[in-house]
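A quick write-up on the structure given underneath.
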Amino acid sequence: MTLQSTPPSDTAALPPIGFIGGGNMASAILGGLIRQGVPASAFEVVEPFEEARQRLARDFGIAAMAQAGAALARCELLVWAVKPQMFAEAAQPVREHAAGALHLSVAAGIPSQSIARWLGSERIVRAMPNTPALIGQGMTALFARDGVEGAARGMVEQVLAPTGQLLWVDAEGDLDAVTAMSGSGPAYVFYFIEAMTEAGIDMGLTPEQAHQLAVGTFTGASALASGSDEPPSVLRQRVTSKGGTTYAAITSMEGAQVKEKFKDAMRAAQARARELGEEFGK
């Protein structure tokens, strides 16, 4: 696995890029590149929904196409930001305009083998991003098929760097675990923030106070874990004095098997990621 945390800066060297789908994740990537100086004219976007096309025009000055057309032929990279169940259908009209293009899929669960079959290409990279990419704080894992050369990997890194950290994995099957961890992970964090906020309100704090305390605690603890060479277990133990308040809370959670239940939940997410690939990758 290779972690890429420093965004490459030479975005001016990027070739024309096409986006199949112009939703939230596509907008996160587009917005990051435009903020780094890539002109709107460098992009071709296919987006069937009128409201989304209007948003792309308003936010980025991009005139998106309602359907795939010959303009895609100028794009050396195509970013697939479509819903998994729509991928196969969307690939049909694009294939004739995508000879030789590098393909980057951010569609959850769809195996690269299926994408290769639909597009007639081995130059495919799969990415599993998460929603903090919308603010440049994302965590994206990447897998490349054998047909993707080093320069193409570099291009993918340039395109995705504005969204946050990047991590290459060697086995495509690892992306199911990535989906369960970082792909779905923001929802777990929001879930715990929600629970902490509700508990704070139950204990007499105002909703605003409880929310600020919960979010601030997660932000600070994450920053501490990120900047520390010590494992989370050690950091946790340092906050947990035997017989103290934290000890009472951790003991209660361990008695309820919170950690094991949480692991079970992540395994359920991993299994569902695998099922999505089997269901929509046919």
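Read-outs: derived from the displayed coordinates by stated rules, not from any lab. Just so you know, these numbers come straight off a predicted model, no measurement behind them. Glycine also receives a Cβ, built like all others from the backbone with ideal geometry; neighbour counts cover every protein chain displayed.
Here are a few things to note about the model shown:
- Peptide ranges 255-262, 206-213, 172-179 listed from the most packed, as the mean C-beta count within 10 angstrom indicates: 172-179, 206-213, 255-262
- Helix screen, the chain: DSSP H segments with Cα axial length of 20 Å or more and mean Kyte-Doolittle hydropathy at least 0.0 are 185-202, 207-227.
- Taking Cα centre as origin and charging only the Cβ of basic (Lys, Arg, +1) and acidic (Asp, Glu, -1) residues, the dipole magnitude of the chain rounds to 60 debye.
- Packing-based exposure ordering (other Cβ within 10 Å, fewest first) of THR246, THR219: THR219, THR246
- Shape class of region 185-277 from the alpha-carbon gyration tensor: prolate, with a/c at 1.5 or above and a/b greater than b/c.
- Value at 222 nm in deg cm²/dmol, rounded to 500, when DSSP H runs of n ≥ 4 in the chain each add -39,500 (n - 2.57): -15000 deg cm²/dmol
- When ILE20, ILE34 are arranged by Cβ crowding within 10 Å, least crowded first, meaning fewest neighbours, the order is ILE34, ILE20.
- With N the number of residues in the chain, Rg(Cα) / (2.2 N^0.38 Å) evaluates to 1.13.
- Around the Cα centre of region 49-203, unit charges on the Cβ atoms of Lys, Arg, Asp and Glu (plus for the first two, minus for the last two) sum to a dipole of about 540 debye.
- Charge dipole (region 185-277, unit charges on Cβ, about Cα centre) - positive-most of GLN209, SER222, ALA195: SER222
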